[in-house]
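Here's the structure, in structure tokens; my notes come after.
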Amino acid sequence: MEEALQVWRSSVQLLFDVEPDDSAPFHLAMHSYKIGPILFGRTRSSAQRFIRDEQVIARGGDHHVLVQLYVSGGYQGDAAGLPIRVRPGDICVLDLAATFRTEAGAFDNLTMAVPRALLGARLPNLDNLHGVVLPHDRGMTRLLGRHLLAIDEIAPELEAPQADELVDATLALLAATLVRAESGNGRGEAIDGSLPLAIRRHIDANLADPALGASAIARHFGVSRATLYRLFAGYGSISDYIRRERLRRSLQDLRADTGKRAHVGRIARRWGFGSDASFARAFRATYGVSPTNARNIAEREVEGTPNTLVDWFSARDPSGPPGR
């Protein structure tokens, strides 16, 4: 299966680094569908690790959100530095704009890849959903899970008008399930009203302010700096969180800037960096490339690099069933 493993690695290299578990033979079978703007697939695989770090993000990839139902198996790891654990029957959300490292045993899962803009139109708190796990024992999780299994069953028969209707219904159900869900992954916070969430929203709204920092945030929320450090310990520190978010927004702007060539320093100042030099150092330390090179990578994608999600959803073990 060495050939199959190389095909798999090549297909997902702009999305993940994958490391199969050497204790068992590698196998993977997948079938997939395109349903309007959504990609949908089912994967059965031996144990492996998935790594999407800052360097992988800088290589390229797609601005999609993955919604995954684990029919069997699961994984544990971290999403943007915070712990995550998925069990059979759980549904998890992974944002490809953020990092994660997961270690999965042998699994059977359904993956729905939704464009961020499409989901963001229904969920204004989209940036806070990365790493959310919907537990299998909740009614709405079971309902959404059965819906995803039904999609896998009926997708080959769908015609274009039916696909559009299915997308609308699926996104409505997904949004209804997520809007009041709790993360269930050790964060201990509700998506719709906790203090950590309120602070993150405040940070996101004020990233362009160079004065944004622990002292200003503590004053704004009437909490101590020690409380802030405790709440953001999973991110390293609140300063680490702010810097990471500024860099993430800067990378998004650079990737959207193909052909326009806005001065890198203008993007740096847009997101609160005090100087071009400090921005360039922080960017390279995080993503492993310079800001200019990150934009060049995005331009090469626009010029013809194959769609990485399509590659992923088209990859399968030669011993598995054909894709559909």
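Summary of computed values
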read-out	value
In region 80-90, residue modelled with the lowest pLDDT [restricted to those that are open to solvent by 30 Å² or more (accessible area, probe 1.4 Å) and either in a strand (DSSP E or B) or over 30 Å from PRO25 (Cβ atoms) (or both)]	GLY81
Filtered residues of region 78-100 (kept if aliphatic (A, V, I, L, M) and under 13 Å from ASN128 (Cα atoms))	ALA79, ALA80, LEU82, VAL93, LEU94, LEU96, ALA97, ALA98
So GLN13, is it closer than 28 Å to HIS147 by Cα and open to solvent by 20 Å² or more (accessible area, probe 1.4 Å)	no
Residue pairs meeting the criteria (Cβ under 6 Å; at least 6 apart or on separate chains; first without any contact (Cβ under 8 Å) to a residue 12 or more places away in the chain, in region 14-35; second not hydrophobic (A, V, I, L, M, F, W, C))	none
Inter-residue pairs, beta-carbon under 9 Å, first hydrophobic (A, V, I, L, M, F, W, C) and in region 130-149, second assigned to a helix (DSSP H, G or I) and surrounded by fewer than 15 Cβ atoms within 10 Å (Cβ to Cβ), 6+ apart	MET140/ALA176; LEU144/ALA176
Candidates VAL93, VAL133, filtered to the one that is within 12 Å of the chain's Cα centre (by Cα) and either closer than 25 Å to ARG255 by Cβ or surrounded by 18 or more Cβ atoms within 10 Å (Cβ to Cβ) (or both)	VAL93
Residue within region 102-122 that is under 16 Å from ALA79 (Cβ atoms), touching a helix residue (DSSP H, G or I) at 6+ places or on another chain (Cβ under 8 Å), at pLDDT below 95 and surrounded by fewer than 16 Cβ atoms within 10 Å (Cβ to Cβ) present	no
Test: residue in region 67-74 that is closer than 30 Å to ASP253 by Cβ, within 14 Å of the chain's Cα centre (by Cα) and of a type outside the set (S, T, N, Q)	yes
Count of region 104-134 residues which are outside any loop (DSSP other than H, G, I, E, B) and either within 15 Å of GLN68 (Cβ to Cβ) or small (Gly, Ala, Ser) (or both)	14
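The values are calculated or read from the model by the stated rules, or taken from the named source; none is laboratory data. Treat the numbers as computed from the prediction; the structure is a model and nothing was measured. When we count neighbours, we look across all protein chains shown, and the Cβ atoms used for this are built from the backbone with ideal geometry, even at glycine. Surface areas here come from the heavy atoms of the whole protein model, side chains and all, with no ligands, DNA or RNA. Shrake-Rupley method; radii C 1.70, N 1.55, O 1.52, S 1.80 Å.
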